[in-house]
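The values are calculated or read from the model by the stated rules, or taken from the named source; none is laboratory data. The shown structure was predicted, so the numbers you read here are calculated from the model rather than taken from an experiment. When we count neighbours, we look across all protein chains shown, and the Cβ atoms used for this are built from the backbone with ideal geometry, even at glycine.
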Amino acid sequence: MNAARRIFNFYRDGFRNMDVGKSLWLIVIIKLVIMFLVLRIFFFKPELSSYKTDKEKAAHVIENLTKND
Amino acid sequence: MILSSLVDASRMQFALTAMFHWLFVPLTLGLGILIAIFETKYCRTNDESWKKLTQFWSRIFAINFACGVATGIILEFEFGTNWSNYSWFVGDIFGAPLAIEGIFAFFMESTFFAVMYFGWGKVSKGFHLLSTWLTAIGANISAYWILTANAWMQSPSGVAFNPATARNEMVDFWGIVFSSTTLTKFSHSVLSGFLVAAIVVIGISCWYLKKGRNKDFSMRSIKYASVFGLFAVFMLMVTGHSSAVTVARTQPMKLAAMEGLYRGENGTPLVGIGVLNPKKQYDNDEDPYLFNISIPKGLSFLANMDFDSYVPGINDIIEGGYKYKDKNGEEKTAIPFAEKVDRGNMARRALALYGQYKDDPDTAKRNQILSQARQYLDDNFEYFGYGFLKDPKESIPNVPMTFYSFRIMVMLGGYFILFLLVCWYLLKKKIIAEKKWFLFLAVLSVPLVYICAEAGWVVAEVGRQPWTIQDLLPVQASVSGVSAGNVWTTFIIFAVLFTTLLVAELRIAFNQIKKGPEGIKWN
């Protein structure tokens with residue numbers, strides 16, 4: 001428990017005492033929000049996620065790889 | 001039929017995001033090691049100047065790290081959205097190294113990176129030093145796993161294709177992890193990161209000298225960075241040569257494009273400086289160069305360690321018929337493009353047949369057809385990707401982009417050898433601070449080293465086109481069925497948002513550099 005508290009305090013003090021780090025964290029958080037809450041949800045939907053099973057996914061890919069174009 | 005504009009949009013987007021990501025990675029790889037060296041010096045001498053120096057460069061490392069965070073994640077999004085056929089086809093080969101990288105990055109970076117930054121005065125000197133080394137080594141090990149995945153795409157091996165699932169399955173993990181392509185790609189990429197770090201440290205330090213400030217700090221930084229940079233640049237020559245040998249065996253078309261070589265010969269020269277003839281195509285008789293100065297027999301030596309060996313050109317690879325050693329060292333006769341296409345089509349038809357009959361209720365009929373299809377597929381799978389190509393032109397990468405990027409990389413590499421030798425000499429003579437021209441050159445060298453590092457990746461990635469997986473899957477078969485408009489939309493969003501954030505991040509970096517080591521308030 002003591003060790004856990006020391007680790008917690010270590011991180012808490014580290015984050016509290018940051019100067020330029022606060023701006024950097026803000027930028028990192030903005031980036032992650034844009035990535036996961038905007039781009040991922042609205043723009044980057046994995047195409048194969050519309051198929052439920054691996055068998056369906058495999059069939060779809062086989063069709064793509066073998067169709068005559 | 002998939003429109004080429006979708007392929008182009010997907011490629012453009014991937015190129016933009018990968019190049020953006022690579023702006024930050026090399027400095028992380030090299031600067032981490034340099035900081036660990038500086039801190040080791042501090043622990044050995046107890047000299048506070050070394051501590052200050054370590055802390056300042058750690059600050060630059062942290063800013064660069066924060067700038068780079070999440071820029072790689074977008075690449076993984078693109079795999080699933082824009083390159084879904086490819087993502088499925090590669091199976092675990094890509095997933096396993098990326099998963100290991102993710103675990104490594106998470107544990108190494110969240111633990112030791114935090115100690116490196118929050119631990120000054122709170123943990124023992126020895127543990128702090130260990131954390132700095134582990135952060136630096138962890139970053140390089142992370143790079144190893146990513147480059148393992150990339151190397152497999154350049155030279156696939158250690159896998160078996162399962163026609164029932166249309167996925168490649170790993171059969172030789174260590175063969176993939178320690179393939180010659182992986183080893184050369186890792187060593188060359190990481191060393192380029194070391195060179196970037198050395199030049200950035202020298203550039204910033206010279207800027208201080210130019211401003212007449214932080215002289216002791218700058219001289220110490222330059223001393224270690226110049227030796228580190230010289231080590232990196234000489235080793236880059238060695239690993240560059242190993243890369244050429246590997247490329248000659250596994251991607252001869254890439255090597256031919258790097259040289260603008262259409263007709264090979266025994267004792268092929270290496271083009272030192274050259275201007276390509278824009279009218280040259282594989283199917284006309286124009287001279288490939290408007291002008292060139294070549295090193296006699298240089299390419300034969302670079303590719304095969306033998307001055308008189310044969311190196312095939314673009315036309316030779318299309319026509320086949322020449323002898324070559326495959327990646328296992330066995331001598332074979334190259335088959336022409338048309339035969340590769342036929343065999344690729346046989347493999348595709350066999351896969352279609354397999355897919356059609358794998359669930360057939362008639363067991364005897366199913367087993368017979370699947371067995372035959374499997375045989376056809378296994379016999380021809382190494383040319384599977386050629387079944388998607390129609391014209392030999394489709395098998396040729398963009399020659400001018402590959403040719404000039406290769407020369408930009410090599411010429412800048414040569415420049416950095418000279419630059420670092422001069423730097424080391426001026427430092428030894430203790431006259432570096434007086435040589436304003438050199439200080440100016442050092443600052444100018446910072447963008448140049450990034451151009452050099454990016455040019456190397458352009459050679460590697462443009463030169464392997466049209467393949468996402470060498471010989472097995474071309475780009476047009478790898479893309480998803482999304483609309484080109486969607487891809488262009490995300491391309492623009494990414495370009496605008498991340499350029500804006502990059503400006504903010506660079507402002508933070510420049511502010512810290514302006515403040516200098518005296519602006520650090522760590523304990």
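Total residues in the stretch B:168-187 satisfying the condition of being over 10 Å from B:Thr148 (Cα atoms) and surrounded by fewer than 21 Cβ atoms within 10 Å (Cβ to Cβ): the figure is 9.
So that you can scan it fast, the table gives a plain yes or no per residue for (1) buried (at least 22 other Cβ atoms within 10 Å of the Cβ); (2) within 8 Å of chain A (Cβ to nearest Cβ); (3) farther than 23 Å from A:Lys55 by Cα; (4) under 19 Å from the mean Cα position of the chain (by Cα):
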| residue | (1), (2), (3), (4) |
| --- | --- |
| B:Gly72 | no, no, yes, yes |
| B:Gly80 | no, yes, no, no |
| B:Trp88 | yes, yes, no, no |
| B:Asp92 | no, no, no, no |
| B:Pro97 | yes, no, yes, yes |
| B:Ile103 | no, no, yes, no |
| B:Met108 | no, no, yes, no |
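Being buried (at least 21 other Cβ atoms within 10 Å of the Cβ) and under 11 Å from the mean Cα position of the chain (by Cα) holds for only one residue in B:Ser192, B:Ser142, and it is B:Ser192. In this structure, is B:Lys325 farther than 17 Å from B:Leu261 by Cα, under 28 Å from the mean Cα position of the chain (by Cα) and loosely packed, with under 14 Cβ neighbours inside 10 Å? So B:Lys325 fits the description; yes. Sort through B:Leu377, B:Leu427, B:Leu420 and tell me the only one that's of a type in the set (A, V, I, L, M), assigned to a helix (DSSP H, G or I), closer than 30 Å to B:Arg220 by Cβ and more than 30 Å from the chain's Cα centre (by Cα). Matching residue, one of B:Leu377, B:Leu427, B:Leu420: B:Leu427. In a residue-by-residue description of the stretch B:444-454, the property of being assigned to a loop (DSSP other than H, G, I, E, B) and of a type in the set (D, E, K, R) applies to no position. Condition first: in a helix (DSSP H, G or I) and basic (Lys, Arg). Can you find one or more residues in the stretch B:223-243 that meet it? Yes - at least one qualifying residue is present in the stretch B:223-243. Within the stretch B:470-494, being touching a residue at least 40 places away in the same chain (Cβ under 8 Å), assigned to a helix (DSSP H, G or I) and of a type in the set (Gly, Ala, Ser) holds for B:Ala477, B:Ser478, B:Ala484. Just the residues that are aromatic (Phe, Trp, Tyr) and under 24 Å from the mean Cα position of the chain (by Cα), please, taken from the stretch B:223-279. Within the stretch B:223-279, B:Phe228, B:Phe231, B:Phe234 meet the criteria. For the stretch A:36-69, a tally of residues being aliphatic (A, V, I, L, M) and crowded, with 19+ Cβ neighbours inside 10 Å returns 6.
Scanning the stretch B:33-49 for residues being in contact with a helix residue (DSSP H, G or I) (Cβ under 7 Å, 6 or more places away or on another chain) and modelled with pLDDT under 95 gives a total of 1. Within the stretch B:254-268, being assigned to a helix (DSSP H, G or I) and touching a Phe, Trp or Tyr at 6+ places or on another chain (Cβ under 9 Å) holds for B:Ala256, B:Ala257, B:Met258, B:Glu259. Candidates are the residues of the stretch B:116-129 that are more than 13 Å from every other protein chain (Cβ to nearest Cβ) and touching a helix residue (DSSP H, G or I) at 6+ places or on another chain (Cβ under 8 Å); the one that is surrounded by the fewest Cβ atoms within 10 Å (Cβ to Cβ) is B:Gly126. The single residue among B:Ile493, B:Ile451 that is out of contact with any strand residue (DSSP E or B) (no Cβ under 6 Å at 6 or more places or on another chain) and away from every other protein chain (no Cβ under 13 Å) turns out to be B:Ile451. Taking the listed residues B:Gln368, B:Gln356, the one that is within 11 Å of chain A (Cβ to nearest Cβ) and surrounded by fewer than 17 Cβ atoms within 10 Å (Cβ to Cβ) is B:Gln356, with no other qualifying.
When A:Ile41, A:Ile7 are screened for being closer than 22 Å to B:Phe118 by Cβ and more than 7 Å from chain B (Cβ to nearest Cβ), only A:Ile7 passes.
Take the conditions within 22 Å of B:Ser405 (Cβ to Cβ) and crowded, with 17+ Cβ neighbours inside 10 Å and apply them to B:Val271. Does it pass? Considered against the rule, which asks whether it is within 22 Å of B:Ser405 (Cβ to Cβ) and crowded, with 17+ Cβ neighbours inside 10 Å, B:Val271 comes out as yes. Scanning the stretch A:10-35 for residues that are at the interface with chain B (Cβ under 8 Å from one of its Cβ atoms), surrounded by fewer than 17 Cβ atoms within 10 Å (Cβ to Cβ) and within 21 Å of the chain's Cα centre (by Cα) yields a count of 3.
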